Amino acid sequence: MTLQASLQDALQDTLQDKTALVTGATSGIGRAVAQRLARHGARVIVTGRDKQRGEEVVAGIEAEGGRARFLAADLADFDDVRRLAGEAADVDILVNNAGVALGGPTEQTAQEDFDLVFAVNVKAPFYLTAAIAPRMAARGGGAIISISTMAATIGMSGLAAYGASKAAIEALTRSWTAEFGPRGVRVNVVAPGPTRTPASAAMGEMFDTLAAAVPAQRGADPDEIAAAVCFLASDEAGFIYGAVLPADGGRVAI
Ligand code: NAP
């Protein structure tokens with residue numbers, strides 16, 4: 001058996017029949033995470049605002065023999081966050097992936113945009129975790145993975161509010177590790193570099209400039225980020241608590 005096949009089997013063993021909630025699973029990185037978790041045997045709750053794209057992701061997973069269902073939620077709406085937390089309370093894996101990356105000069109940042117970035121990127125994961133992590137702990141454990149960005153670590157002009165919101169989720173991950181780790185809940189972060197998704201397509205040439213600046217000399221495929229998330233969700237990462245795993249082609253290392 002090759003090393004890759006044996007890792008595939010190990011992930012299959014530890015993710016089989018687990019339940020997972022993936023926010024922002026209607027597109028890009030979240031969709032790739034949902035697809036990969038389902039391929040490893042997990043039952044996946046796909047969530048986002050767009051019902052049509054959500055149902056397409058579910059249909060794609062089911063067509064491959066996986067199990068998934070869609071729950072619509074707008075994470076900028078706190079009532080929706082509460083409802084989602086109630087409807088998906090008993091999951092083994094929570095992936096806080098949904099994100100808003102509004103950019104622009106600090107002096108031109110509208111208060112509504114700042115609030116939206118922090119509502120979706122910080123407040124929603126905070127209260128989803130607040131509802132779900134204690135229930136994971138009561139059932140003996142679980143795994144929470146949040147998606148950050150290299151912009152949380154390196155200063156990037158035009159991404160001040162976005163970078164700060166992701167730095168917040170990294171700090172929360174360390175706090176939650178102290179709080180929930182002793183009760184069996186592992187909380188970690190994957191911090192992607194430039195990744196080819198509908199969101200990054202909107203960046204145009206700036207994406208290519210960012211991708212050319214990473215040691216890997218290219219942007220990532222969303223499935224490469226999903227692979228890191230699935231590893232952290234699995235028992236293969238059983239001693240990894242409170243870590244920020246860069247999946248950025250080496251950008252924050254240089
Ligand atoms: P994407 O393709 O635009 O997907 C974003 C997802 O977030 C969609 O599924 C969207 O769902 C969901 N979402 C956005 N606002 C929401 C809201 N108010 N309520 C509920 N769901 C909402 O973006 P992506 O590139 O895959 O980004 C995913 C994550 O990776 C984000 O946290 C982003 O910051 C991070 N990231 C991306 C890159 C990159 O280069 N692509 C790099 C570093 C980090 P609906 O449209 O259905 O609402």
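Every number in this text was worked out from the coordinates using simple rules, so none of it is lab data. What you see is a predicted model; the values in this text were computed from it and never measured. We place every Cβ from the backbone using ideal geometry, glycine too, and count neighbours over all the protein chains shown.
Values for this structure:
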| read-out | value |
| --- | --- |
| Summed side-chain charge close to T19 - residues other than T19 whose Cβ falls under 11 Å, Lys, Arg +1, Asp, Glu -1 | +2 |
| Cα gyration tensor shape for region 26-139, rounded if a/c is under 1.5, else prolate or oblate | oblate |
| Within region 1-118, percent of DSSP bridges classed antiparallel, to nearest 5 | 0 |
| Mean separation of Cα contacts under 8 Å (6+ apart) over length of the chain, as relative contact order % | 20 |
| Cα-based shape type of region 157-230, given that a ≥ b ≥ c are square roots of the gyration tensor eigenvalues and the cut on a/c is 1.5 | prolate |
| Size of electric dipole in region 1-103: Cβ of Lys, Arg +1 and of Asp, Glu -1, about Cα centre, debye, nearest 20 | 140 |
| Partners for K18 among aspartates and glutamates (Cα-Cα distance below 12 Å; same-chain residues under 8 apart left out) | D90, D92, D235 |
| Gaussian network model of the chain, springs between alpha carbon atoms under 10 Å - residue of G219, G66, G140 with greatest fluctuation | G140 |
| Only Lys, Arg (+1) and Asp, Glu (-1) charged, at Cβ; the chain dipole about Cα centre in debye | 440 |
| Sites matching GluC sites (Glu not before Pro) across region 45-93 that sit in DSSP coil, with at most 14 neighbouring C-beta atoms within 10 Å | E64 |
| Dipole of the chain, positive end: most advanced residue of L71, T14, A227 [Cβ charges, Cα centre] | T14 |
| Within straight-line cross-link reach of K166, lysines at Cα separation under 24 Å, skipping those fewer than 8 residues along the same chain | K123 |
| Square roots of 5 times each gyration tensor eigenvalue, C-alpha, the chain, largest first, Å | 26, 21, 19 |
